[in-house]
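Asker: Sharing a structure here in structure tokens format.
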Amino acid sequence: MRKDKKIKETKEVSELKTQLVRALADYDNLRKRVETEKEIWMRFSGERILLKLLPIVDIFEAAQKHLQDQGLAIAINEFKKVFQEEGLVEILPRKDDVFDEQIHEAVESIEGGEKGHIAEQVLQGWRFEDLEAQLGRVIRAAKVKVYRGKN
């Protein structure tokens, strides 16, 4: 009987060790998941704030075109520095670039030029820089006027 009791106790200890290992693994997985979710939430909340700041920078830049104020230029540069630190990169299409629906939004088509090419930038776009991919996630497409070709 003593031997049976020892075998039973050994099995119980083994089962408890297995349960402990599983509990520790579950806890570690939970900790990792919480850290990942926290990181995603921080990125998402930061992105929401950046999206709200973009129109303000647009207004400052429009005012700067008319005012040419040194203080306003400094403020715009500081905003853009923060955007860059957060991984945002401007999308600045140039005249005669090929229209790309992934990063451009056509707001008007105009006569002349080569069909499907950009005539003019109306508003710069923004995307997150992704060093591994060629193109990061676009949060605002660049608004452009596109040539519809010659008639």
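Asker: For residue 144, indicate whether it is at pLDDT 95 or above, among the β-branched types (Val, Ile, Thr) and in a strand (DSSP E or B).
Answerer: When the stated conditions are applied, residue 144 passes them.
Asker: Give 74, 7 a once-over and let me know the one that is over 31 Å from the mean Cα position of the chain (by Cα), in a helix (DSSP H, G or I) and among the hydrophobic types (A, V, I, L, M, F, W, C).
Answerer: Criteria check complete, one pass: 7.
Asker: Still on this structure, please answer the following. For segment 49-65, indicate whether the set of residues that are more than 22 Å from residue 142 (Cα to Cα), assigned to a helix (DSSP H, G or I) and at pLDDT below 95 is non-empty.
Answerer: Checked segment 49-65: no residue is more than 22 Å from residue 142 (Cα to Cα), assigned to a helix (DSSP H, G or I) and at pLDDT below 95.
Asker: Could I ask something else about it? Could you pull out the residue among 68, 84, 19 that is within 28 Å of residue 106 (Cβ to Cβ) and either under 32 Å from the mean Cα position of the chain (by Cα) or without any contact (Cβ under 8 Å) to a residue 12 or more places away in the chain (or both)?
Answerer: 84
Asker: Which one of the conditions (1) surrounded by fewer than 13 Cβ atoms within 10 Å (Cβ to Cβ); (2) in contact (Cβ under 8 Å) with a residue 24 or more places away in the chain does residue 54 fail to meet, given that it meets all the rest?
Answerer: With respect to (1) surrounded by fewer than 13 Cβ atoms within 10 Å (Cβ to Cβ); (2) in contact (Cβ under 8 Å) with a residue 24 or more places away in the chain, residue 54 is out only on (1).
Asker: Would segment 77-91 turn up any residue that is closer than 27 Å to residue 43 by Cα, modelled with pLDDT under 95 and assigned to a loop (DSSP other than H, G, I, E, B)?
Answerer: Yes: segment 77-91 contains one or more residues that are closer than 27 Å to residue 43 by Cα, modelled with pLDDT under 95 and assigned to a loop (DSSP other than H, G, I, E, B).
The values are calculated or read from the model by the stated rules, or taken from the named source; none is laboratory data. Predicted model, so just to flag it, every value in this text is computed and none were measured. Neighbour counts are summed over all protein chains in view; Cβ atoms, including those assigned to glycine, are modelled from backbone coordinates with ideal geometry.
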